[in-house]
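The structure appears below as structure tokens.
The values are calculated or read from the model by the stated rules, or taken from the named source; none is laboratory data. Since the model is a prediction, treat every value here as computed from it, not as a measurement. Cβ: placed from backbone, ideal geometry, glycine included. Neighbour counts: every protein chain shown. Surface accessibility is based on the protein's heavy atoms, side chains included, excluding ligands, DNA and RNA. Shrake-Rupley method; radii C 1.70, N 1.55, O 1.52, S 1.80 Å.
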Amino acid sequence: MPDISLTVVVLLCLAALAAGWIDAVVGGGGLLLLPALLLGLPAGTPAAHALGTNKAVAIVGTTGAAVTYARKAPVDVRTAVRIGLAALAGSSGGAFFAAGMSTEVLKPVIMVVLLGVAAFVILRPAFGTAPATGPATRRQILAAIGLAGGGIGFYDGLIGPGTGTFLVLALTALLHLDLVTASATAKIVNCCTNAGALAMFAWQGAVLWQLAALMAVFNLAGGTLGARTALKKGSRFVRLVLLTVVFALVANLAYEQWLA
């Protein structure tokens, strides 16, 4: 356990609770959790320890949300796991290339894509609000495995912010899911990518296990509550949260690109 004050521990736990809720509803909880860890850990703590601890916390909340969704939402677990395995491979490839590539060049591109996504969702009020018309076709599943799994998984390893949000959008578009079912499916995919990343960080000794265990309890509570909220409120509520998170992502990337 790092030498940090009780006040900071309490604030980190509250951040974990809020991040779990956001991540369960529409993804993007890392926007809150990772910066909180980077600010809360003592000066001189390697960034890898914040990243590893973040994954150890997030995987607990993601798993809790996935279980909650799977019990009540019509999730095709087999398809979700197949996409998740592709995302696991993609994230490994992204992490490999990240070492020799400047992500600063890509951030403006990601901002433009996010703003385009926001415009699309605003101009298409029915996007993700209609229930799925039927089982996904083989072609749709293969597209989701390649694009949502491999493509977004690669992005997760290369840059990372907003991976859950991109997954929800891609799964809604590719598999013609409603936003609640897409969020449920994305949680299962996230479990796969988080597990792979956590294994790597644990192997490197970059996880603060005691702090992670404490924060994980709150993240689990937030993730479970978020999934229940999304199931109760429905796709229109998820759509509103989605737009909020997208604009928060744009603001975060803009700050890192030009102001930090």
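Worth a mention:
- Sequence ranges 228-234, 176-182, 33-39, 48-54, ranked by mean other-Cβ count within 10 angstrom, highest first: 176-182, 48-54, 33-39, 228-234
- Dipole axis of the chain (+1 Lys, Arg; -1 Asp, Glu on Cβ), positive-most option in ALA70, LEU259, GLY44: ALA70
- Carbon and sulfur %, accessible surface of the chain computed with the full protein complex present, 1.4 Å: 70 percent
- FRET efficiency, ARG138 to LYS233 (Cβ-Cβ, R0 35 Å, nearest 0.05): 0.60
- Rounded to the nearest 20 debye, dipole of the chain from Cβ charges on Lys, Arg, Asp, Glu: 920 debye
- Per residue, the chain reaches -25000 deg cm²/dmol at 222 nm when only DSSP H runs of four or more residues are counted, each adding -39500 (n - 2.57).
- Per-residue packing, averaged as other Cβ atoms within 10 Å, sorts the ranges 249-258, 58-67 into the order 58-67, 249-258, beginning with the highest.
- For Cα extents along the principal axes in Å, the value computed from the atomic coordinates appears in the list (i) 56, 48, 30; (ii) 71, 41, 39; (iii) 54, 37, 32 under label (iii).
- 1.4 Å probe accessible area per residue over the range 4-257, in Å²: 45 Å²
- Annotation for MET200 and THR244: the two label points, set 7 Å from Cα along the Cα-Cβ direction, are 3.2 nm apart.
- Cα lying deepest toward the dipole's positive end in the range 4-257, options VAL57, SER91, LEU243, charges on Cβ: LEU243
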